[in-house]
Amino acid sequence: MKPFAQKMNELTPEMVELVDRVIDAHDGDATQLVGILLDLEAAVERHYIPEPAAYYLAERLEIHPTQVYDVITFYSALHDKPRAKYTLQVCDSAPCRVKDSDALCETLKRLLNLEIGEVTYDGRFSIEKVPCFGACDVSPAVRVNGVVYGHLDSEERIIDMLQQLD
């Protein structure tokens, strides 16, 4: 890891403003660290916690940076590496597989020319299989950055959904 001072030098004014805004929304309460990190990750375009932001967050909350990284590495919903702008989450539960979520996943892989866990060359898309996200009534479905797109039972509908993300 880089020295603390160097990490702080890499912090942009925009990131400082974003971190400050998220912390203020949580009343500067370090006991809300998970919520703060989730909100921060959601606000960063590539959906991750940049290292300089993590260190600045620790300084602002008056906690050790290892506490921040303990939380980031413990929760699978948090990431410390850049992700795709649009992570296509496909439900991997039994009810959705019955409704052919596997075919949806295969179509996405073919259309985007990537495998599960990969990111497209331009950083726009990745595909993940995830546990149930409560969209059984509209499956096969994809959740993208918290928004559910359902009834994706044809290539035409899948293409329409992808075009909406442009």
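Past the 22 angstrom mark, what percentage of all C-alpha to C-alpha distances in the chain do you count?
I get 49 percent for the Cα pairs in the chain exceeding 22 Å.
Hand me the chymotrypsin sites (Phe, Trp or Tyr not before Pro) from region 9-87 located in a DSSP loop with no more than 13 other Cβ atoms within 10 Å, in residue order please.
Y75
Would you pull out the residues with amide H under 5 Å of L88's amide H, same chain only if 5 or more places away, H placed 1.01 Å from N?
Placed amide hydrogens put S126, I127, E128 under 5 Å from L88.
Taking neighbour counts of Cβ atoms within 10 Å as a proxy for exposure, in what order, fewest first, do S139, S126 appear?
Neighbour counts put them in this order, fewest first: S126, S139.
At q = 0.16 Å⁻¹, what log₁₀ I(q)/I(0) does a Debye calculation on the Cα points of region 4-74 give, no solvent, two decimals?
Debye output, listed in q order: -0.46.
Full extension from T66 to T120: what is 0.36 nm times the residue separation minus their Cα-Cα distance, to one decimal in nm?
Fully extending the segment from T66 to T120 adds 16.3 nm.
Over the alpha-carbon set of region 86-164, divide Rg by the Kirkwood Rh and report the Rg/Rh ratio to two decimals.
With Rh from the inverse mean 1/r over Cα pairs, Rg/Rh is 0.92.
Taking the Cα centre of the chain as origin, sum charge times position over the Cβ atoms of Lys and Arg (+1) and Asp and Glu (-1), and report the length of that vector in debye to the nearest 20.
340 debye
Count the net charge of all other residues whose Cβ sits under 11 Å from the Cβ of T107, scoring Lys and Arg as +1 and Asp and Glu as -1.
Net local charge, T107 excluded: -3.
So what are the ³J(HN,Hα) numbers for region 32-37, from phi and the Karplus equation (6.51, -1.76, 1.60; θ = phi - 60°), rounded to whole Hz, Gly and Pro as x?
9, 4, 4, x, 4, 5
Provide the per-residue ³J(HN,Hα) series for region 68-80, in order, calculated from phi with Karplus coefficients 6.51, -1.76, 1.60 and θ = phi - 60°, each as a whole number of Hz, with x at glycine and proline positions.
Here the 3J(HN,Hα) series is 5, 6, 4, 5, 4, 7, 6, 8, 5, 7, 10, 9, 10 Hz.
Each reported figure results from applying straightforward, stated rules to the coordinates on display, with no laboratory input. Remember, predicted model here, so these are calculated numbers, not experimental data. Cβ sites come from the backbone with ideal geometry, for glycine too, and all protein chains shown count toward neighbours.
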